[in-house]
Amino acid sequence: QVQLVESGGDSVQAGGSLRLSCAASGRPAAVGWFRRSPGKAREWVACIDSFGGTDYSVSTRGRFTFSKENANNIFYLQMNSLKPEDTGMYYCAATSPSKSWAGCPAEDKHYISWGQGTQVTVSS
């Protein structure tokens, strides 16, 4: 089983930037970032497939960038131009190493490993 540990969350002012890290034990085929805020359902934020291809939610596209450090299985989410509505607990999630993904999974059920989250708070 892939194990994940997130870090990098902090409190920032609107318009600021943060870079979240997700350290993976094992080699996940695809990794996604999700967030959860009180009063809101968990939402998908971004993903990276087995070949480095990325995709983003409509609300984050153009502001967030997903990248990876292959040698150490570290995944990064660079978040710029942060808004108060970006506030939430951010989680990285991984698919099984047994299946390669060309393009990100279309269903959340394929993410079988989850980190414990890192808190991002954006104030106005």
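The values are calculated or read from the model by the stated rules, or taken from the named source; none is laboratory data. No experiment lies behind these values; they were computed from the predicted model shown. Every residue, glycine among them, receives a Cβ derived from its backbone with ideal geometry; neighbour counts consider all protein chains shown. Protein only, heavy atoms only, side chains kept; ligands, DNA and RNA dropped before computing areas. Shrake-Rupley method; radii C 1.70, N 1.55, O 1.52, S 1.80 Å.
Accessible area per residue for the chain in Å², computed with a 1.4 Å probe and the full protein assembly in place, what is it?
Ligands and nucleic acids excluded, the result is 50 Å² per residue.
Leaving out ligands, DNA and RNA, and with a 1.4 Å probe, what % of the accessible surface on the chain is carbon or sulfur?
Percent of accessible area from carbon and sulfur atoms in the chain: 48.
If you average the sequence gap of Cα pairs under 8 Å that are 6 or more apart and divide by the length of the chain, what percent do you get for the contact order?
38 percent
Multiply the residue separation of Ser96 and Ile112 by 0.36 nm, subtract the distance between their alpha-carbon atoms, and state the gained length in nm to one decimal.
5.1 nm
Taking all pairs of different Cα atoms in segment 82-124, averaging 1/r and flipping that mean, what Kirkwood radius in angstroms comes out?
Mean inverse Cα-Cα distance, inverted, gives 12.4 Å.
What translational diffusion coefficient, in µm²/s and rounded to a whole number, does the Stokes-Einstein relation yield for the chain at 25 °C and a viscosity of 0.890 mPa s, taking the hydrodynamic radius as the Kirkwood radius over Cα pairs?
Translational diffusion coefficient: 172 µm²/s.
Grab the Cα-Cα distance for Ser67 and Gln119, subtract it from 0.36 nm times how many residues apart they are, and report the gain in nm with one decimal.
16.8 nm
Once you sort the root eigenvalues of the Cα gyration tensor of segment 60-111 as a ≥ b ≥ c, which label holds: rounded (a/c under 1.5), prolate (a/b larger than b/c) or oblate (the other case)?
Because a/c hits 1.5 or more and a/b exceeds b/c, segment 60-111 counts as prolate.
Taking only the alpha carbons of segment 20-63, what extent do you get along each of the three principal axes, in Å, biggest first?
Per principal axis, max minus min of the Cα coordinates gives 33, 23, 16 Å.
Let me confirm the definition first: pairs of Lys residues in the chain, 8 or more apart or on different chains, C-alpha distance under 22 Å. How many are there?
4
Which value, in debye to the nearest 20, describes the size of the charge dipole of segment 1-104 about its Cα centre when Lys and Arg Cβ atoms bear +1, Asp and Glu Cβ atoms bear -1, and nothing else is charged?
Once rounded to the nearest 20, the dipole reads 120 debye.
Considering only DSSP beta bridges where both residues belong to the chain, give the percentage that are antiparallel (nearest 5).
90 percent
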